[in-house]
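To start, the structure under review is shown below, and the notes come after it.
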Amino acid sequence: MEDESHPRISRHNREFITNGRSVLIVPGCGTGTGGQHHRGAHPLRCSDDGVTSPAPSLDGRGVASAVGAYTIWGMFPAFWPLLEPAAPVEVLAHRIAWTALLMVGVLTVLRGWAALRALSLRSWLMAAAAAGLITVNWGLFIASVFIGRVVEVALGYFISPLFSVLLGILVLRERLRPAHWAALALATAAVAVIAVENGRVPWLALVLGSTFGMYGLIKKTLPLDTVSGLTAEGLVIGPLALATVVWFEVAGSGTLTGHGAGHVLLLLVGGPVTAVPMLLYGAAARRVPLSTIGVLMYLNPTLQFLWGVLVVGEDMPATRWVGFVLVWVALLIFTVDLLRQSRSPRPNPHPRESGYIRA
């Protein structure tokens with residue numbers, strides 16, 4: 001039997017274990033997209049070697065990067081309809097193709113190809129799985145916005161953190177605190193209420209929330225930073241996306257030609273619009289405490305919700321409001337618990353492992 005009196009890190013699942021207790025993995029930390037965070041730790045931020053350390057104060061540029069990322073994501077419902085008359089599938093293909101080409105250029109400028117050349121077959125398969133999940137997520141998002149179901153999109157991203165908690169139970173075998181169970185119960189009740197009001201299960205929200213949660217979980221297993229990770233996904237799915245763009249044009253149903261330079265520019269801008277917020281988030285995750293990220297992340301679905309209600313004019317009957325209020329209460333419980341745990345000082349039994357604070 002292994003001695004678990006000292007911390008160890010599994011190379012494959014990136015789960016940090018000390019005295020039998022698992023540790024949450026923070027996205028965007030260190031050489032990979034995953035860092036380590038103890039439940040009940042100080043506010044943490046990531047160092048270049050993948051070790052989290054207490055963050056004594058907020059970093060202004062980090063907060064600005066996080067706000068910028070979540071604001072851009074929150075305004076996506078305003079951008080994608082500008083690409084009509086392109087169909088959602090064509091928009092998705094352009095988005096992936098130009099994002100992939102952009103990231104190849106960025107990685108080349110940064111001379112970061114060594115990380116991808118060193119990837120194992122297993123890591124490439126995980127990158128392919130991540131690419132598949134984010135493709136489904138992006139495609140469903142674009143289609144939902146095109147048909148005017150922005151509020152349900154917002155619901156999906158409101159409940160996405162709770163899906164991550166659920167994945168922690170099912171995949172990482174984490175033991176949750178009572179506050180997390182209460183949040184999950186309220187979120188389940190909210191979905192049930194909205195399902196009764198709609199006469200159907202809000203499957204768009206559930207698929208968006210679950211695919212994004214699973215995407216995040218897989219990304220945490222990859223030993224890649226934000227730029228390398230996004231490039232790897234682009235190399236996997238980009239050729240198929242580019243082939244789809246060509247197919248649309250050959251079939252005569254594409255919109256890359258015949259709709260003016262403005263439309264072409266918007267199609268091409270889909271790449272930077274996708275890559276920039278992800279790069280901003282990667283920068284923020286290294287500078288800002290996890291507790292701050294946990295609060296700022298709700299800016300994204302809040303902006304989407306406001307766009308759906310105030311601009312698109314989606315119907316919000318009383319029962320639907322009840323469902324959203326239940327979600328917001330669940331997120332309030334979840335966030336307050338996160339903040340409380342992050343501010344609770346805990347002794348470090350292993351001084352040499354200064355980045356880790358026992359739960």
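The values are calculated or read from the model by the stated rules, or taken from the named source; none is laboratory data. Bear in mind that the values here come from a model prediction, so they are computed numbers and not experimental data. Neighbour counts run over all protein chains shown; Cβ positions are idealised from the backbone, glycine included.
I'd like the full set of residues that are among the aliphatic types (A, V, I, L, M), in a helix (DSSP H, G or I) and more than 16 Å from the chain's Cα centre (by Cα), limited to the stretch 192-219. Lay out the reasoning, then the answer.
Step one: filter the stretch 192-219 for residues among the aliphatic types (A, V, I, L, M), giving 192-196, 201, 204-208, 214, 217-218.
Those left that are additionally in a helix (DSSP H, G or I): 192-196, 204-208, 214, 217-218.
Those that are among the aliphatic types (A, V, I, L, M), in a helix (DSSP H, G or I) and more than 16 Å from the chain's Cα centre (by Cα): 192, 193, 194, 195, 196, 204.
Only residues that are in a helix (DSSP H, G or I) and over 15 Å from residue 309 (Cβ atoms) were counted across the stretch 158-178, and they come to 13.
Only residues that are assigned to a helix (DSSP H, G or I), in contact (Cβ under 8 Å) with a residue 24 or more places away in the chain and either of a type in the set (S, T, N, Q) or crowded, with 19+ Cβ neighbours inside 10 Å (or both) were counted across the stretch 78-113, and they come to 17. Examine the stretch 55-77 for a residue that is at pLDDT 95 or above, over 20 Å from residue 281 (Cβ atoms), part of a helix (DSSP H, G or I) and hydrophobic (A, V, I, L, M, F, W, C), and state whether such a residue exists. Taking every residue of the stretch 55-77 in turn, none turns out to be at pLDDT 95 or above, over 20 Å from residue 281 (Cβ atoms), part of a helix (DSSP H, G or I) and hydrophobic (A, V, I, L, M, F, W, C).
Do we have any residue at all in the stretch 229-247 that's crowded, with 16+ Cβ neighbours inside 10 Å and among the aromatic types (Phe, Trp, Tyr)? Checked against the condition, which is being crowded, with 16+ Cβ neighbours inside 10 Å and among the aromatic types (Phe, Trp, Tyr), the stretch 229-247 yields no hits at all.
Let me confirm something: among 170, 184, 176, 155, which residue is without any contact (Cβ under 8 Å) to a residue 40 or more places away in the chain and farther than 20 Å from residue 129 by Cα? Lay out the reasoning, then the answer.
Working: 170 fails: farther than 20 Å from residue 129 by Cα; 184 fails: without any contact (Cβ under 8 Å) to a residue 40 or more places away in the chain; 155 fails: without any contact (Cβ under 8 Å) to a residue 40 or more places away in the chain.
Going through 170, 184, 176, 155 in turn, just one is without any contact (Cβ under 8 Å) to a residue 40 or more places away in the chain and farther than 20 Å from residue 129 by Cα: 176.
For the stretch 106-125, check the following and say yes or no: at least one residue is within 21 Å of the chain's Cα centre (by Cα), within 21 Å of residue 207 (Cα to Cα) and of a type outside the set (Ser, Thr, Tyr). No, there is no match, as no residue in the stretch 106-125 is within 21 Å of the chain's Cα centre (by Cα), within 21 Å of residue 207 (Cα to Cα) and of a type outside the set (Ser, Thr, Tyr).
Show me the helices (runs of 4 or more DSSP H) found entirely inside the stretch 278-347 where at least 1 residues are crowded, with 20+ Cβ neighbours inside 10 Å and modelled with pLDDT of 85 or more.
299-306, 318-342
For the stretch 128-151, a residue qualifies if it is of a type outside the set (A, V, I, L, M) and either at pLDDT 95 or above or crowded, with 18+ Cβ neighbours inside 10 Å (or both), and the qualifying residues are 132, 135, 137, 138, 139, 141, 144, 146, 149.
Give the residues of the stretch 220-262 that are among the β-branched types (Val, Ile, Thr) and either under 23 Å from the mean Cα position of the chain (by Cα) or part of a helix (DSSP H, G or I) (or both), sorted by residue number. Scanning the stretch 220-262 gives 221, 226, 227, 231, 236, 237, 244, 245, 246, 250. Might you let me know whether the stretch 198-206 holds any residue that is out of contact with any helix residue (DSSP H, G or I) (no Cβ under 7 Å at 6 or more places or on another chain), closer than 17 Å to residue 330 by Cα and surrounded by fewer than 17 Cβ atoms within 10 Å (Cβ to Cβ)? No: the stretch 198-206 contains no residue that is out of contact with any helix residue (DSSP H, G or I) (no Cβ under 7 Å at 6 or more places or on another chain), closer than 17 Å to residue 330 by Cα and surrounded by fewer than 17 Cβ atoms within 10 Å (Cβ to Cβ).
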